[in-house]
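Here you go, one structure.
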Amino acid sequence: METSTDRGRWWPRSVVGCAVAAVFWPSCVASVPSPPPIHVVRAVARHGWVVQNQAFGKLLEFPSSRRMLRTWPTFVIKGTGKVHRLDSSLVTRKFTSRAAFARTLARHGLGRDVRAVLYDPESWAATPKAEQRAVAANMKRFVTLAHRHHLIAIVTPALDLVPVLDPRGRGPYPARYLALGIPRAAARSGADVVVVQAQSQQSDPIRYAGFVAAAAWQVRSVSTRTRTFAGLSTGPTGIRTDAAMLGAAATAAAALVDGFWLNAPGGSSAQCPACTGGSATLLRAVTDVLSVLWR
């Protein structure tokens with residue numbers, strides 16, 4: 001079983017200058033986190049991915065995507081069907097409720113193949129209101145429980161938690177998300193990976209990169225061992241997406257993060273009524289771009 005030290009070996013530190021973020025988010029102050037531990041510098045992998053099992057299967061049909069996904073660790077979110085696998089993939093279970101995760105472990109466990117768990121708290125019915133209002137405490141409890149069971153812990157607090165935590169606030173969600181310090185709280189949970197759900201900003205690569213840079217700086221100001229991923233989606237919150245949009249966003253943020261959550265929603269659902277869906281093959285644009293940028 002892997003120890004917390006073993007987990008650290010998989011993810012090297014990506015350098016993110018606060019100056020980049022400060023262009024877009026003036027509240028980012030110019031300080032540099034301390035150097036990472038030597039075992040992080042010697043990491044085997046440089047980058048990584050989070051992707052749903054169905055989308056992962058689609059990407060494996062393309063030789064260029066398959067090469068990219070084989071090169072670096074991929075957290076494959078397990079669904080109801082057969083799990084697609086590569087030697088570099090890690091079977092992952094997603095939870096929208098910390099309490100549900102605890103109940104699952106107590107009742108019947110996750111299965112011997114599961115290596116990682118992902119906590120996706122959002123302002124929706126799938127995450128209990130109490131967990132939304134105390135998201136920092138619940139992220140920490142989720143991570144503590146995951147590590148106790150020798151699992152890699154991923155947390156993905158969503159932007160729509162902003163009005164839950166700051167009901168009287170005004171202004172754009174990304175700026176308020178940063179002002180509330182949600183990425184910093186995610187890092188303080190002790191998570192191995194923090195995903196910045198920036199996909200609602202992906203139609204503007206400059207805005208997308210600015211938000212991701214500022215959020216990543218918050219994470220790394222807390223821990224140089226916590227990896228920062230950014231969200232990209234084939235159909236987020238009603239935005240019509242094409243390969244050029246995804247490629248531009250990936251290009252803008254590639255140097256700022258340690259990986260991406262490549263999300264391909266099937267369309268409108270009870271959890272995401274505004275999602276438009278989109279072919280998982282659109283994600284090939286991301287892997288094609290990063291095959292050049294991440295050589």
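Using r as the Cβ-Cβ distance of Ala100 and Ala255, and R0 as 45 Å, what FRET efficiency do you calculate, to the nearest 0.05?
With a Förster radius of 45 Å, E is 0.80.
Another question, if that's okay. Just to confirm a number: summing +1 for Lys and Arg and -1 for Asp and Glu over residues other than Thr281 whose beta-carbon lies under 9 angstrom from that of Thr281, what do you get?
+1
While we're on this one: Mind checking which aspartates and glutamates have their C-alpha under 13 Å from Lys82, skipping anything on the same chain fewer than 8 residues away?
Asp113
Considering only Cα-Cα distances, which of the following residue pairs are longer than 30 Å: Lys58/Lys140; Lys58/Lys94; Lys58/Lys129? Walk me through the intermediate numbers first.
Working: Lys58/Lys140 34 Å; Lys58/Lys94 20 Å; Lys58/Lys129 35 Å.
Violating the 30 Å Cα-Cα cut-off are Lys58/Lys140; Lys58/Lys129.
Every read-out reported here was derived from the displayed coordinates using simple, explicitly stated rules and does not represent laboratory data. Here the structure is a predicted model, which means the values were calculated and not measured. Cβ: placed from backbone, ideal geometry, glycine included. Neighbour counts: every protein chain shown.
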